[in-house]
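Reading through the structure tokens given below for one structure.
The values are calculated or read from the model by the stated rules, or taken from the named source; none is laboratory data. On a predicted model such as this, the values are computed, not experimentally measured, just so you know. Note: ideal-geometry Cβ built from the backbone for every residue, glycine included; neighbour counts use all protein chains shown.
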């Protein structure tokens, strides 16, 4: 048996916001519209609300992609009458896929995990677009440390759905007690782990930590990669 680590991707190992901002500026400017910091702020806010709708099952992926760029077009200076929001979305995802940015210390942490924890296997369990996730992982050098990448787009289901984790566990091919889920999101990573009865680590927690730990039945939390390594080492030694 192995120690199987299921990692969320964005804001856990990769700096999603750095890649997102860079790609958005490129595609908005190339489309003839004016990009400002306010543009990115509005995009982040709208995108977050749409992903929450997706997690609740009240919105499809294509609707999400269309709505977020329709919203941005309406809030940017310039003529957007001939712009196709889904085409711009495709260009945005492709641009992001070529511009991965690691969270500070993430690569060293993953190397340490592989080197110091016996029989460690690393998996990615992420909501998002396949080309985006795989491209950014490859561009940062993380690829060689990862066993398999599970992304909601190609799976057809998203976190926190139990079906998402069922597919991950089927691929892992070992019992649940050999697996642990690590992520930053309460509503996808921690809720998903709870629904799937998986051990969980809440990374970079914010807000009322104690209340959230109880509500989502979270096993551990860590505020840095050093803390996270110690948590995972302790878990691996006990499992």
Does any residue in region 26-46 that is not assigned by TED's automatic domain parsing to the domain that holds residue 74 come within less than 6 Å, Cβ to Cβ, of a residue that is part of a loop (DSSP other than H, G, I, E, B) and surrounded by fewer than 16 Cβ atoms within 10 Å (Cβ to Cβ) six or more places away or on a different chain, and which pairs are these? none
I'd like to verify a number: residues in region 151-169 that are surrounded by fewer than 20 Cβ atoms within 10 Å (Cβ to Cβ) and touching a residue at least 60 places away in the same chain (Cβ under 8 Å), how many? 1
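Assess whether residue 114 counts as being out of contact with any helix residue (DSSP H, G or I) (no Cβ under 6 Å at 6 or more places or on another chain), free of Cβ contacts under 8 Å to residues at least 60 places away in the same chain and part of a helix (DSSP H, G or I).
Details: out of contact with any helix residue (DSSP H, G or I) (no Cβ under 6 Å at 6 or more places or on another chain): no; free of Cβ contacts under 8 Å to residues at least 60 places away in the same chain: yes; part of a helix (DSSP H, G or I): yes.
Answer is no for this residue.
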Taking the criterion of being farther than 26 Å from residue 54 by Cα and either out of contact with any helix residue (DSSP H, G or I) (no Cβ under 9 Å at 6 or more places or on another chain) or in contact (Cβ under 8 Å) with a residue 24 or more places away in the chain (or both), would at least one residue in region 123-138 satisfy it? yes
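For the structure I just gave you, tell me whether residue 67 is surrounded by fewer than 16 Cβ atoms within 10 Å (Cβ to Cβ), modelled with pLDDT of 95 or more and either more than 17 Å from the chain's Cα centre (by Cα) or not in a helix (DSSP H, G or I) (or both).
Numbers: surrounded by fewer than 16 Cβ atoms within 10 Å (Cβ to Cβ): no; modelled with pLDDT of 95 or more: yes; either more than 17 Å from the chain's Cα centre (by Cα) or not in a helix (DSSP H, G or I) (or both): yes.
Criteria not met by residue 67.
Residues of region 70-90 being within 21 Å of residue 135 (Cα to Cα) and crowded, with 18+ Cβ neighbours inside 10 Å, which ones?
Taking region 70-90 as the starting set, the residues that turn out to be within 21 Å of residue 135 (Cα to Cα) are 86-90.
Answer for region 70-90, where residues must be within 21 Å of residue 135 (Cα to Cα) and crowded, with 18+ Cβ neighbours inside 10 Å: 88, 89.
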Within region 117-132, the count of residues that are outside any loop (DSSP other than H, G, I, E, B), modelled with pLDDT under 95 and buried (at least 20 other Cβ atoms within 10 Å of the Cβ) comes to 1
From 48, 34, 44, grab the single residue that is surrounded by fewer than 21 Cβ atoms within 10 Å (Cβ to Cβ) and over 17 Å from the mean Cα position of the chain (by Cα). 34
Determine which single condition residue 212 fails, assuming it passes every other condition in (1) closer than 21 Å to residue 49 by Cβ; (2) under 17 Å from the mean Cα position of the chain (by Cα). (2)
